[in-house]
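Novice: Please find one structure pasted underneath; my questions will follow.
The values are calculated or read from the model by the stated rules, or taken from the named source; none is laboratory data. For clarity, every value in this text was computed on a predicted model and none was experimentally measured. Heads up, the Cβs are rebuilt from the backbone with ideal geometry, glycines too, and the neighbour counts pull from every protein chain shown. What goes into the accessible areas is simple: the full protein's heavy atoms, side chains included, and nothing from ligands, DNA or RNA. Shrake-Rupley method; radii C 1.70, N 1.55, O 1.52, S 1.80 Å.
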Amino acid sequence: MRIRAVLKANLQIILFVILVFTAMIAVSCVYVSGIVNRQTEDLGESLMNYVESTVSAHLSQSALTFSNISRTVESMVSTGNDNQGILRFLTGMNAYFRQDDTRLPGFLKLYALIDGETLAGPEAKIPADSSAAGRPWYIGAYESAGSVFTSDPYQDAYTGETCITFSRLVQTADGEIRGVLAMDMDLAYVSGFLSQQRLEGHGYGVLVSDSLLFASHRDNALVGISMDEAGGTLYKVTQLLREGKPVSAVRVQDADSTDSVAFFRTIFDGWHIGMLTPYGNYYDQVYRMERTLILLGAVCMTALCYVLIRIRAAQMQAAEASQSKTDFLSRMSHEMRTPMNAIIGMTDIARKTDDPDKIAHCLDTISAASAHLLGVINSILDISKIEAGKLELVDGDFRLEEMLTQLDSVIGFRAAEKKQSYTVTVGEGVPPVLRADRQRLTQVLTNLLSNAVKFTPEQGRIALSVHLLEQTDELCLLEFSVRDTGIGIPPEQQSKLFLAFEQASPAISSQYGGTGLGLAISHRIVGKMGGELRLTSAPGKGSTFAFAISLAKGTMVTAAAKASAHAAPDFSGRRALVVDDVPINREIIAAQLEDTRLDIDMAEDGEEAVRLFAANPGRYDMILMDIQMPKLNGLDATRQIRALDSPAAKTVPILAMTANVFREDVDRCLAAGMNDHIGKPIDSGELLEKVGRFLLQPPGEPLV
């Protein structure tokens, strides 16, 4: 009934669509013949351009090669070489071209008649008498008066193949005629090429001499026959060629009376190439296009009617998607305003009291709220990177036990607050040291465990397990799983879990909070690592999230190395320039580096930084540069420092400090001449590690 009602409501529109498409098909069929015909003609012209360039290049190369040889022979005659010397030269050239037929495809023989003596090696098979003086190639050379003469096609007496001969007078420097040089070329190479050419897979190519004799034709009986005498109505083409008019898509009857379409081009030395295609095949595209238009019109009419029928469902889906984004923005507002309210409120309380315990409590609350707010911001940035396809993994060696201990310090505390049982199981054979992106792997497990704690009631159980599935000498396949006895997830809501900007249920969101991004981010990170995040769940029975990823086995990290890595470095005697327009940011950097004994100078903007460095380039061992600053930003300030006429300006390490943390932002910093990048809010551990990387490396080592 619902479908019938929709059809009835849209009947007039559907009828209008049918009439419009019927008219469109009719009009299209009227004009399509001319359109496709022009397209096919263009295709034919393109093919002729290709054939013309190929055949012309081959014949022109042959003529040019012959011309160069003839000039060499003339030079030999002019310098007094006798016929035996010329014969040796011609014999050598014959052997050279026969040795590799790619040097001059179709080459047959090279010979001459000099001072009445025929000069040719025995392989040339030329009679050693003066009868050659009456041959067409000899006569043609004299008629051409010093130019290269090209004969009409003929059948070679020895090979039986269709050939042509290039010939030219041999004259001394003062113009004395001493004889004629000739070179025979087999047209099989050109004939083979033309026979392979097709217009839309049909037809064949021909080669016609300047006297309009067929030099190449699919019917060998027509080779050497004039086009006027070949049959059909090919004389129409010969008339156009004699008049120098273009022959493009001319309808003729072929020699076998086939209705055809002809294309011809004039090429090398007045010769012509042609393409003959059956008329029915030539217009086959037109017929196919008409059938396609009719079918396409029917499909389009059906599709449009279907769209009209489903339009209300599409509107509902669009409204639902809009509501999802609205709900997401509402959740983001709640998730960001809640910690901001705590930060602002506790700041006001701390200002109004002198009680140290109360101030400490306020600072602890501010720290926790700030961490939560930073987590929300990082989630939004992560999903933005993922949606833009810019999520990157940074692999490094780490101890699995340390990562699990780090998780326990966060998740175990939260589980203990809710009196939940939290256990960690590491299966037998799991390598102690792995190589992967520890930060991203920890992020995934933290998201899964945090959700487990959030959605599991008091006295519930949460279990993290790591098991070895298989391994090789270098790789191991590990399965990570997080199991809880929480509220579970209904099957109809599970499909939404891994989608960005959505949560399984609005009621769950209002009761438990959250951005709805954690699982979407975790799903994409696991996919980037080569795995797939899987869910098994039932309402009231809990949930299990699991994934298997292949990780490289890492190198063991010693306790001494770990202790050294966590010890505060000593930068005594070194000085850095901190550049930031926000005083509190400069104060924070100074506090984070205080234990390193690093001397610090401050600059409020890029202009001051350039001025301080230019005044004493050797004073600073490092520059920590903010990017967004008034007067002169960090990128331009870095470029000006690098441009200073001082060796120190080229080598001083410059580290960017900015809240712009996308890959393109880092690339812009490096392109401006900076050596590294630190994202804001600045993590003290990352700051110490990156500063130490440059200040503690041996002098003379390249900056990395």
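Novice: Between residue 42 and residue 101, what length in nm is gained on full extension when 0.36 nm per residue of separation is reduced by their alpha carbon distance? The partial results should precede the final answer.
Specialist: Numbers: separation 59, 0.36 × 59 = 21.24 nm, distance 3.48 nm.
Taking 0.36 nm per residue and subtracting the Cα distance, the gain is 17.8 nm.
Novice: Same structure, new question: For segment 569-697, give the percent of accessible area contributed by carbon and sulfur heavy atoms, probe 1.4 Å, rounded to a whole number.
Specialist: Values: 2860 of 5900 Å².
Ligands and nucleic acids excluded, carbon and sulfur give 48 percent.
Novice: Roughly how many Å² of residue 340 are accessible to a 1.4 Å probe, to the nearest 10?
Specialist: 80
Novice: How far apart, in nm, are two points set 7 Å out from the Cα along the Cα-to-Cβ line at residue 568 and at residue 538?
Specialist: Those two pseudo-labels are separated by 5.6 nm.
Novice: Still on this structure, I have one more. With every protein chain present, what is the per residue accessible area of segment 156-256 (1.4 Å probe, Å²)?
Specialist: Details: 4360 Å² over 101 residues.
Value returned for segment 156-256: 43 Å² of accessible area per residue.
Novice: Can you give the accessible area per residue of segment 570-613, in Å², using a 1.4 Å probe? Before the final figure, lay out the partial values.
Specialist: Numbers: 2170 Å² over 44 residues.
Ligands and nucleic acids excluded, the figure is 49 Å² per residue.
Novice: Summarise the accessible area of segment 417-486 (1.4 Å probe, protein heavy atoms) by the percent that is carbon and sulfur.
Specialist: 46
Novice: Stretch residue 683-residue 364 to full length: gain in nm at 0.36 nm per residue minus the Cα-Cα span? Spell out each step's value before the answer.
Specialist: Details: separation 319, 0.36 × 319 = 114.84 nm, distance 1.76 nm.
Full extension from residue 683 to residue 364 adds 113.1 nm.
Novice: Rounded to a whole number, what % of the accessible area of segment 193-299 do carbon and sulfur atoms account for, probe 1.4 Å?
Specialist: 50
Novice: Compute the separation of the alpha-carbon centres of segment 77-100 and segment 134-205 and state it in Å as a whole number.
Specialist: That distance is 20 Å.
Novice: Take residue 296 and residue 349, extend 7 Å from each Cα along the Cα→Cβ direction, and tell me the distance between the two endpoints in nm.
Specialist: Once both label points are built, they end up 7.1 nm from each other.
Novice: Which pairs in the list 352/418; 358/418; 419/528 are over 28 Å apart, alpha-carbon to alpha-carbon? Before the final figure, lay out the partial values.
Specialist: Values: 352/418 33 Å; 358/418 25 Å; 419/528 35 Å.
Too far apart for the 28 Å limit: 352/418; 419/528.
Novice: Which order, highest average first, do 220-232, 102-114 follow once you tally other Cβ atoms within 10 Å for each residue and take the mean per peptide? Display every interim value, and only then the final one.
Specialist: Working: 220-232: 16.8, 102-114: 21.0.
Averaged packing, sorted descending, gives the order 102-114, 220-232.
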